[in-house]
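Asks: My questions will all concern the structure given below.
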Amino acid sequence: MGEVDVTGPRIGWGVLGAAGIARRRFLPALEQARNGHLVALGSRSLDRAAALAPGGAVGSYEDVLADPAVDAVYIPLPNGLHAEWVRRALAAGKHVLCEKPLVLRAAEAEEIAIMAAAAGRVVMEGFMYRLHPQYEPAVWEPLVERIGRLRAAHVRRSFTQDHPGDYREDAALGGGAIWDIGCYCLDLVTRLCGAPVEVHATGDLRRGVEWTSAVQLRFPSGVLASAWWSFAGPLSQRLSLVGELGTLELDAPFRSDGPSGAWLDTGDGARWIEFPGDDCFRREIEHFGDVVLGAATPAVPLGDSARWLRVAEVVERQVRARADRPGEG
């Protein structure tokens, strides 16, 4: 990697916990960010924190929030802990970038939006995929225009989850495929189509945790969409859009780095279009810093977070209800 341009204003970051995504993705990306630097990392294991953040290790999340040099915090904790620590970070006067899902209920997202506005602080959900170059308006909008008015959409994501004891399998910690990968599907389809007027979902549970879901949605525009996600499938993701004039299929709609591509077919044969790659975590960090500094608006507004969460609540309720019926689920 080349040298990082650090000539402009820089945000002081604090990290709550030493989760894998923080170790593997966020911290390396922060080292390359033009407008941010690490101030403190808190962990229950001070030795573990020191290995990741020499000179910035502290023994608790509270110590991170108490540091006046910390402008913003990154929260990569288990899903069920997000709401508590977002609130505590706001109360400490910090801006917050929280891994998806921001919270587990739409009402909590709405409450946090009120708190953030009152505190004059930025809170954003960490859907880093939105910062991939394939979704830049100059790239995305002409492609969508080529297929004409949208009529149908299908999105899917899956991988095989087989780690007993992992938080993804613990309902008390916000486990379940819907919160780990289904959230991407619902965020993307509602971003494209808005809030649905009908939601129909079915799926299955394992050890009390939602494992696979298939969802059908109808939108006010007349668009019909479907989404599927699973902890019992191959490592896979896809977005298919059908318009009045053609189709567009994204090979990797949720890519976090590297190049991606799409098949565009407007009646004269499918044509492969390649998009450049980049580190979406670094782009997310830089974008968030720009928002804090007043140079940008959030790529993931809190209203968007509340919107997909409303759908997720319906999906989870329907999946659980149907799975509890004999012969269903």
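Asks: Quick test of your reading of the structure: Thr247 fulfils all but one of (1) in contact with a Ser or Thr (Cβ under 9 Å, 6 or more places away or on another chain); (2) polar (S, T, N, Q); (3) under 27 Å from Trp211 (Cα atoms). Name the failing condition by number.
Replies: Failed condition: (3).
Asks: Is it the case that segment 209-227 has a residue that's in contact with a Phe, Trp or Tyr (Cβ under 8 Å, 6 or more places away or on another chain), in a loop (DSSP other than H, G, I, E, B) and buried (at least 21 other Cβ atoms within 10 Å of the Cβ)?
Replies: no
Asks: Please determine whether any residue of segment 158-168 is surrounded by fewer than 22 Cβ atoms within 10 Å (Cβ to Cβ), modelled with pLDDT of 95 or more and closer than 20 Å to Trp308 by Cα.
Replies: Yes, there is a match, as at least one residue in segment 158-168 is surrounded by fewer than 22 Cβ atoms within 10 Å (Cβ to Cβ), modelled with pLDDT of 95 or more and closer than 20 Å to Trp308 by Cα.
Asks: Right, here's the next one. Restrict the check to segment 190-197 and report whether at least one residue is modelled with pLDDT of 95 or more, part of a strand (DSSP E or B) and among the small types (Gly, Ala, Ser).
Replies: No - not one qualifying residue is present in segment 190-197.
Asks: Now for a different question. With among the aliphatic types (A, V, I, L, M), outside any strand (DSSP E or B) and assigned by TED's automatic domain parsing to the domain that holds Val86 as the only criterion, which of Ala107, Ala172, Ala138 stands out?
Replies: Step by step, each of Ala107, Ala172, Ala138 is checked, and only Ala107 is among the aliphatic types (A, V, I, L, M), outside any strand (DSSP E or B) and assigned by TED's automatic domain parsing to the domain that holds Val86.
Asks: Answer yes or no as to whether Arg238 is of a type in the set (Lys, Arg), in the same structural domain as Trp272 (by TED's automatic domain parsing) and either touching a Lys or Arg at 6+ places or on another chain (Cβ under 7 Å) or part of a loop (DSSP other than H, G, I, E, B) (or both).
Replies: yes
Asks: Next up: Residues that are over 25 Å from the mean Cα position of the chain (by Cα) and of a type outside the set (A, V, I, L, M), at least 1 per element: which helices (runs of 4 or more DSSP H) completely within segment 3-88 meet that?
Replies: 46-52, 61-66
Asks: Among (1) under 21 Å from Tyr135 (Cβ atoms); (2) in contact with a helix residue (DSSP H, G or I) (Cβ under 7 Å, 6 or more places away or on another chain); (3) surrounded by 21 or more Cβ atoms within 10 Å (Cβ to Cβ); (4) not charged (D, E, K, R), where does Leu241 come up short?
Replies: Looking at each condition in turn, Leu241 falls short on (2).
Asks: Test of understanding: among Ala107, Ala152, Ala91, which residue is surrounded by fewer than 23 Cβ atoms within 10 Å (Cβ to Cβ), closer than 25 Å to Asp265 by Cα and among the small types (Gly, Ala, Ser)?
Replies: Ala152
Asks: Based on what the data block shows, is Ser260 touching a strand residue (DSSP E or B) at 6+ places or on another chain (Cβ under 6 Å), under 30 Å from Glu31 (Cβ atoms) and of a type outside the set (A, V, I, L, M, F, W, C)?
Replies: Against the criterion (touching a strand residue (DSSP E or B) at 6+ places or on another chain (Cβ under 6 Å), under 30 Å from Glu31 (Cβ atoms) and of a type outside the set (A, V, I, L, M, F, W, C)), Ser260 qualifies.
Asks: Just checking, which of Arg121, Arg105 is farther than 29 Å from Pro68 by Cβ and among the charged types (D, E, K, R)?
Replies: Within the list Arg121, Arg105, the selection yields Arg105.
Asks: Still on this structure, I have one more. Could you pull out the residue among Gly267, Gly277, Gly303, Gly289 that is free of Cβ contacts under 8 Å to residues at least 24 places away in the same chain and among the small types (Gly, Ala, Ser)?
Replies: Matching residue, one of Gly267, Gly277, Gly303, Gly289: Gly267.
Asks: Within segment 31-43, take every residue that is modelled with pLDDT of 95 or more and crowded, with 22+ Cβ neighbours inside 10 Å and give me the one that is farthest from Gly289 (Cα to Cα).
Replies: Gly42
Asks: Scan segment 49-79 for residues that are under 24 Å from Ala118 (Cα atoms) and either surrounded by fewer than 20 Cβ atoms within 10 Å (Cβ to Cβ) or hydroxyl-bearing (Ser, Thr, Tyr) (or both) and jot them down.
Replies: Result: Tyr61, Glu62, Asp63, Ala66, Asp67, Pro68, Ala69, Tyr74.
The values are calculated or read from the model by the stated rules, or taken from the named source; none is laboratory data. All of these numbers come straight from a predicted model, not from anything done at the bench. Reconstructed Cβ throughout: ideal geometry from the backbone, glycine too, with neighbour counts over all protein chains shown.
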